[in-house]
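*Asks:* Can you read through this structure? Questions will come right after.
The values are calculated or read from the model by the stated rules, or taken from the named source; none is laboratory data. Everything numeric here is computed off the predicted structure, so don't read it as measured data. Cβ placement follows ideal geometry from the backbone for every residue including glycine, while neighbour counts extend to all protein chains displayed.
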């Protein structure tokens, strides 16, 4: 299973900027700068995991070293592009700051940067999870960033920008990566499934994308996990079983029952989900998150960008309609009841009970 995940992720890693989905603002800025030969000596990529920071860093390394590039895109045919694509280049140095975080490693890097590239035009240093560097290591890196040699380019990547010293940030061109909308991830996963000659239901793809939480890489890993079944036709039910989660429609149905004040149907729905072996803790979290979306879109529909990464257009329309049937006070009451149920369910002898009580309270 792990092997399948790795194969999918590596097999379909974008090899040009045009293949990147999302992050249009970053791609546009970088390609414009490359076309005008305005290459910075240091870049800082920040944003959630799995949103393309490392991939774009490698593409940037290819683009600045490409021998046949007529525009901003790497040609992927010249020796420089081939070396980087195959992971054989001695001039692309990728450093995991989580395990190489001390001052000794930064001093070693500072000493090594003095030497000219072996084969390429630029020596590119990609420092992943740079926020994990020690204070002393940051100070050593700062000296290098202040007076970098002309042949060196630094690309720092982090998921926790608040831990990076301002002195480092100010010496880099900063690019903020965002979570991808659910529709974009579904489109990407659907394309991969077609390449692999696998048929997968759209609701199943949507469930995988939802659990990716805006991260393409996580979505591809989950798709690899599902495809490890070696089933050429994958259903929503199979994905639910493999991931141990319910589809968003299960939450929608529960909310519909509660809007109609139908205690019996709502409680029966909860027990059906439990009987099918799904994790009620996860279901409660999903319900709270769903109610939050209703609240956000009810308060101001223009705030849809806050939930765009988790909803398709159709799902958003359902949520807006449900919100129109709920008073704001009732909605807040529901959220409080489910939050309390979420806290109690972990210790309950009967996991269904806190949810059942929440339903009865909300329907009364």
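*Asks:* Could you count how many residues in the range 16-46 are outside any helix (DSSP H, G or I) and either modelled with pLDDT of 95 or more or over 13 Å from the mean Cα position of the chain (by Cα) (or both)?
*Replies:* So the answer is 13.
*Asks:* Same structure again: Scan the range 69-80 and give yes if some residue there is assigned to a loop (DSSP other than H, G, I, E, B) and at positive phi, otherwise no.
*Replies:* The answer is yes, given that some residue of the range 69-80 is assigned to a loop (DSSP other than H, G, I, E, B) and at positive phi.
*Asks:* Between residues in the range 255-284 that are in the same structural domain as residue 354 (by TED's automatic domain parsing) and modelled with pLDDT under 90 and residues that are surrounded by 15 or more Cβ atoms within 10 Å (Cβ to Cβ) and part of a loop (DSSP other than H, G, I, E, B), which pairs lie under 6 Å by C-beta distance while being six or more apart or on different chains?
*Replies:* Partner pairs satisfying both residue conditions: 278/246; 282/245.
*Asks:* Out of 326, 347, report the one residue that is in a loop (DSSP other than H, G, I, E, B), at pLDDT 90 or above and either within 33 Å of the chain's Cα centre (by Cα) or surrounded by 14 or more Cβ atoms within 10 Å (Cβ to Cβ) (or both).
*Replies:* 326
*Asks:* If residue 248 satisfies all but one of (1) over 24 Å from residue 347 (Cβ atoms); (2) surrounded by fewer than 16 Cβ atoms within 10 Å (Cβ to Cβ), what's the number of the condition it fails?
*Replies:* The one condition residue 248 does not meet is (2).
*Asks:* While we're looking at this one, here's another question. Please go through (1) under 21 Å from residue 202 (Cβ atoms); (2) surrounded by 14 or more Cβ atoms within 10 Å (Cβ to Cβ) for residue 341 and return the number of the only condition it doesn't satisfy.
*Replies:* (1)
Conditions tested, residue by residue: (1) closer than 22 Å to residue 214 by Cβ; (2) outside the structural domain of residue 283 (by TED's automatic domain parsing); (3) without any contact (Cβ under 8 Å) to a residue 60 or more places away in the chain.
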position: 314; (1), (2), (3): yes, no, yes
position: 320; (1), (2), (3): yes, no, yes
position: 325; (1), (2), (3): no, no, no
position: 347; (1), (2), (3): no, no, yes
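*Asks:* Still on this structure, please answer the following. Any idea how many residues of the range 47-57 are outside any helix (DSSP H, G or I) and surrounded by 21 or more Cβ atoms within 10 Å (Cβ to Cβ)? Even if it seems obvious, please write down each step before you answer.
*Replies:* Keep residues of the range 47-57 that are outside any helix (DSSP H, G or I), which gives 47-52.
With surrounded by 21 or more Cβ atoms within 10 Å (Cβ to Cβ) added as a condition, the list becomes 47, 50-52.
Residues flagged as outside any helix (DSSP H, G or I) and surrounded by 21 or more Cβ atoms within 10 Å (Cβ to Cβ) within the range 47-57 amount to 4.
*Asks:* Going by the structure shown, is residue 299 touching a helix residue (DSSP H, G or I) at 6+ places or on another chain (Cβ under 7 Å) and either free of Cβ contacts under 8 Å to residues at least 40 places away in the same chain or not assigned by TED's automatic domain parsing to the domain that holds residue 356 (or both)?
*Replies:* The answer is no for residue 299.
*Asks:* Still on this structure, I have one more. Take residue 70 and decide whether it is farther than 28 Å from residue 137 by Cα, surrounded by fewer than 22 Cβ atoms within 10 Å (Cβ to Cβ) and either in contact with a helix residue (DSSP H, G or I) (Cβ under 7 Å, 6 or more places away or on another chain) or modelled with pLDDT under 85 (or both).
*Replies:* Yes: the conditions hold for residue 70.
*Asks:* Which residues, counting only those in the range 147-163, are surrounded by 15 or more Cβ atoms within 10 Å (Cβ to Cβ) and either closer than 18 Å to residue 51 by Cα or in contact with a strand residue (DSSP E or B) (Cβ under 6 Å, 6 or more places away or on another chain) (or both)?
*Replies:* Residues satisfying the conditions are 151, 152, 153, 154, 155, 156, 157, 158, 159, 161.
*Asks:* Quick one: which residue in 185, 267, 242, 168 is outside any strand (DSSP E or B) and in contact with a strand residue (DSSP E or B) (Cβ under 8 Å, 6 or more places away or on another chain)?
*Replies:* Sole residue among the options that is outside any strand (DSSP E or B) and in contact with a strand residue (DSSP E or B) (Cβ under 8 Å, 6 or more places away or on another chain): 168.
*Asks:* Hey, residue 284 hits all of (1) crowded, with 20+ Cβ neighbours inside 10 Å; (2) part of a loop (DSSP other than H, G, I, E, B) but one; which does it fall short on?
*Replies:* (2)
*Asks:* Taking into account only those residues within the range 186-218 that are closer than 13 Å to residue 22 by Cβ and touching a residue at least 60 places away in the same chain (Cβ under 8 Å), which is surrounded by the fewest Cβ atoms within 10 Å (Cβ to Cβ)?
*Replies:* Within the range 186-218, the match that is surrounded by the fewest Cβ atoms within 10 Å (Cβ to Cβ) is 187.
*Asks:* Could you tell me which numbered condition residue 97 fails, if it satisfies all but one of (1) touching a strand residue (DSSP E or B) at 6+ places or on another chain (Cβ under 6 Å); (2) surrounded by 18 or more Cβ atoms within 10 Å (Cβ to Cβ); (3) modelled with pLDDT of 90 or more?
*Replies:* It fails just one condition, (3).
*Asks:* If I filter the range 216-232 for residues that are more than 30 Å from residue 120 (Cα to Cα), in the same structural domain as residue 132 (by TED's automatic domain parsing) and in a helix (DSSP H, G or I), do I get at least one hit?
*Replies:* Scanning the range 216-232, I find no residue that is more than 30 Å from residue 120 (Cα to Cα), in the same structural domain as residue 132 (by TED's automatic domain parsing) and in a helix (DSSP H, G or I), so the answer is no.
*Asks:* While we're here: I'm checking my understanding of the structure. Among residues of the range 74-85 that are farther than 14 Å from residue 153 by Cβ and either modelled with pLDDT under 90 or more than 27 Å from the chain's Cα centre (by Cα) (or both), which one is surrounded by the most Cβ atoms within 10 Å (Cβ to Cβ)? Talk me through it step by step, then tell me what you get.
*Replies:* First, pick out the residues of the range 74-85 that are farther than 14 Å from residue 153 by Cβ: 74-79, 81-83, 85.
If we keep only those that are either modelled with pLDDT under 90 or more than 27 Å from the chain's Cα centre (by Cα) (or both) as well, we get 75, 77-79, 82-83.
Details: 75: 17, 77: 12, 78: 15, 79: 13, 82: 14, 83: 19.
Only one residue fits best here, namely 83.
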